[in-house]
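Colleague: Please see the structure below; I have some questions.
The values are calculated or read from the model by the stated rules, or taken from the named source; none is laboratory data. Just so we're clear, the structure is a prediction, and the values are computed from it rather than from any experiment. So basically every Cβ, Gly included, is an ideal-geometry build from the backbone, and we count neighbours across all protein chains shown. Protein only, heavy atoms only, side chains kept; ligands, DNA and RNA dropped before computing areas. Shrake-Rupley method; radii C 1.70, N 1.55, O 1.52, S 1.80 Å.
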Amino acid sequence: MLRRLLLVLLIALAGVGLVWAGLLWVSEPVPTNNLLTGSGVELRVGERAAGRASAVDYRRLDERLTRLMADPAMVGLAVAVVEDGRVSFIKGYGRTVAGGEEAVTTRTVFRWASLSKGVAADMVALLAHEGQIDLGAPVSRYAPSLRLPNGNEYRATVTDILSHRTGLFGHAQDARLEDGQDPRWLRMGLATLHNICAPGTCHAYQNVAYDAASEMVERVTGRPYGDEVVERLFRPLGMRTATFGRVALMASPSWARAHVGGDTPRPFETTEPYYRVPAAGGVNGTIEDLATWMIAQMGAAPDVLPADVLQAVQRPLVLTPGETRRRRVYAERTSVTAYGLGWRVFTYAGHRVIGHHGGVRGYRSLILFDPERRSGVVALWNASVGIPNGIEYEVMDMIYGLPFRDWLRLDAPEGEAPVGEEGNGNEVAEGN
C-alpha cells in the first residue's frame with residue numbers, strides 16, 4: 001500500500017507539468033488522475049501557464065490542425081504534444097461520426113491499432129524483468145500454439161517474435177484472420193508456409209505471429225492477457241479509459257466510429273478480426289490515455305515500467321528498409337529506421353526517436369517521441385487516410401527548432417497526393 005501511495009505521488013508530481021509547461025491547449029477540462037495532471041489546473045485554448053517558453057508554436061499548430069480538418073476525408077482527430085515530460089497541448093477536432101453532432105474531445109475513445117504492439121512488448125519485457133520470461137528462450141517454451149516452418153519455433157526466440165524476425169514473409173495469415181479464422185489455428189498453420197530468411201536474420205511485419213505475445217503472458221500469469229495488461233500497466237498509470245476489445249470500445253461514453261471512403265467518408269461497422277490478436281491490435285483508448293502512455297515510455301513511472309524494461313524494448317535490433325522506403329517522402333528527416341521490441345527506432349535529423357504507426361480499417365494512430373528530451377506527439381483519427389501522418393513531422397521539427405516544412409501538404413498544389421498515402425487501404429494492423 002505504501003509503495004502504491006508513493007507511486008501515485010510521483011505520478012502527481014510528474015503531472016505538475018500542466019502548470020509549468022509553456023502553453024496548454026485543451027478542448028475541455030482534463031482529469032487529475034494520471035501522468036497528464038496532478039494539479040487540477042484547467043486551462044483552455046490560448047491560455048498561458050507560468051514557466052519557460054515552449055519550443056512549439058501551439059497557436060500555429062492549432063491553426064494547421066483546424067485547416068487539416070477542413071479536408072473532406074477527415075472526420076475526427078485527437079492530438080497531444082508532450083514537452084519535457086509534461087503535456088503542453090491536447091485537443092480534439094471534428095466529430096465522432098460523419099454528419100453527427102457529437103464532437104471529438106480528449107476523452108473520446110479510438111482504436112489504437114498497431115500501437116498495441118508496444119503495449120504487448122512492454123508487458124512481456126516486464127515479465128522478463130521479473131524473471132518469469134526469458135527473452136532469449138525459444139518461443140515454443142511460452143507459446144505452444146505458434147508453429148513455424150521447419151520447426152523454427154524451437155530456434156526463434158521471444159525477442160525474434162517481438163521484433164518481427166520470425167523468418168516468415170510479411171503479414172502471414174492476415175487474410176485468413178480477416179476472414180474470421182481462429183488466431184490459434186492460424187498460428188499453428190504458419191508451419192505450412194515458406195521462409196524468406198532464417199529466424200532472427202531479417203524483418204517482416206507480422207500480426208498473427210506477433211500475437212504469440214498474448215499467449216506468453218497468459219501462460220506465465222494464468223490470467224487473460226487483457227486483464228493482466230490493464231491491472232499491471234493501464235490502471236497503475238491512471239489510464240482508466242484504456243481497454244481491450246470491440247465490446248469495450250462500443251460501451252465507451254464517447255467513441256469514434258470507423259470511417260472508410262476517401263473524400264466521402266462513411267461510417268463503417270467496427271470489425272472484430274484484429275481484436276482477436278490483442279497483442280497486435282487490441283487496445284482502445286483516448287488521446288489522454290495515449291499521451292499518458294507516451295510519458296510512461298519516457299521513464300516517468302519507473303515503479304510501473306522500470307528503466308531496464310524500457311531499454312529492452314527501445315533498443316534497435318534490426319534495420320527495416322521497407323519502412324525506410326515507405327517513409328521516403330520524409331527521407332530528409334528519417335533516413336534510417338530500425339525495430340526494437342514492439343517499437344520502431346528512428347534517426348530523426350540526427351536525433352534518436354521512438355515511435356510507431358497503427359491502422360485498421362476506419363482508424364489510424366501514431367506516436368513519436370524523443371526519450372532523451374522527453375518530448376513527442378501522439379494522434380488518433382477515425383478514417384482510413386494517411387493525411388495526418390505529417391503531424392508528427394511538423395511537431396518534431398518545432399521541438400528541434402528545424403525550418404518549417406509543409407509536411408501536412410496543406411499548401412500543396414491541387415491534385416498532388418498528400419504525404420502518407422502509400423498504404424494499401426486494407427485492414428491491416430499497420431499499413432506496411
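Colleague: How large a share of the accessible area of region 267-366, in percent, is made up of carbon and sulfur atoms when the probe is 1.4 Å and the other protein chains stay in place?
Modeller: Working: 1570 of 2940 Å².
The C+S portion of the solvent-accessible surface of region 267-366 is 53 percent.
Colleague: Also, quick follow-up: Write down the accessible area per residue of region 198-263 in Å², having rolled a 1.4 Å probe over the full set of protein chains. List each step's numbers first, then the result.
Modeller: On the way: 2450 Å² over 66 residues.
Roughly 37 Å² per residue, with all protein chains present.
Colleague: Let me ask you something else. Given the options TRP293, THR324, PRO306, identify the residue whose Cα lies farthest towards the positive end of the charge dipole of region 282-335 (+1 on Cβ of Lys, Arg; -1 on Cβ of Asp, Glu).
Modeller: THR324
Colleague: Once the Cβ-Cβ distance between ARG405 and ARG315 is put in as r, and R0 is 30 Å, what FRET efficiency do you end up with, to the nearest 0.05? Kindly include the intermediate steps, with their values, before the conclusion.
Modeller: Details: r = 30 Å, r/R0 = 0.99.
Taking R0 as 30 Å, the efficiency between ARG405 and ARG315 is 0.50.
Colleague: How large is the charge dipole for region 283-389, taken about the Cα centre, if only the Cβ atoms of Lys, Arg (+1) and Asp, Glu (-1) carry charge, to the nearest 20 debye?
Modeller: Numbers: 12 positive and 8 negative charges, 113 e Å.
Result for region 283-389 is approximately 540 debye, rounded to the nearest 20.
Colleague: Could you state the accessible area per residue of region 84-130 in Å², with a 1.4 Å probe and every protein chain left in place? Mind dumping the intermediate values first?
Modeller: Numbers: 1170 Å² over 47 residues.
I get 25 Å² per residue for this part.
Colleague: Taking all protein chains in place and a 1.4 Å probe, what share, in percent, of the accessible surface of region 89-177 do carbon and sulfur account for? Could the numbers behind the result be given before it?
Modeller: Values: 1240 of 2660 Å².
The computed percentage sits at 47.
Colleague: Could you order peptides 316-326, 78-88 by the average number of other Cβ atoms within 10 Å of their residues, highest first?
Modeller: On the way: 316-326: 17.2, 78-88: 26.4.
Result, highest mean first: 78-88, 316-326.
Colleague: Starting from the 7 Å offset along Cα-to-Cβ, what nm value, one decimal, do you get for the label separation of GLU101 and GLU231?
Modeller: 4.2
Colleague: Still on this model: Evaluate the relative contact order of region 228-373 (contact order divided by residue number), counting alpha-carbon pairs under 8 angstrom at least 6 apart; express in whole percent. Each step should come with its number before you reach the end.
Modeller: Values: 199 pairs, mean separation 27.0, N = 146.
Over region 228-373, the number comes to 19 percent.
Colleague: Still on this model: Once both labels are modelled 7 Å past Cα along the beta-carbon direction, what's the THR264-VAL247 spacing in nm?
Modeller: Between THR264 and VAL247, the label points sit 3.7 nm apart.
Colleague: OK, next. Name the residue from PRO72, ALA103, ILE161 whose Cα lies farthest towards the positive end of the charge dipole of region 62-173, charges +1 on Cβ of Lys and Arg and -1 on Cβ of Asp and Glu.
Modeller: The residue sitting farthest along the positive end of the dipole is ILE161.
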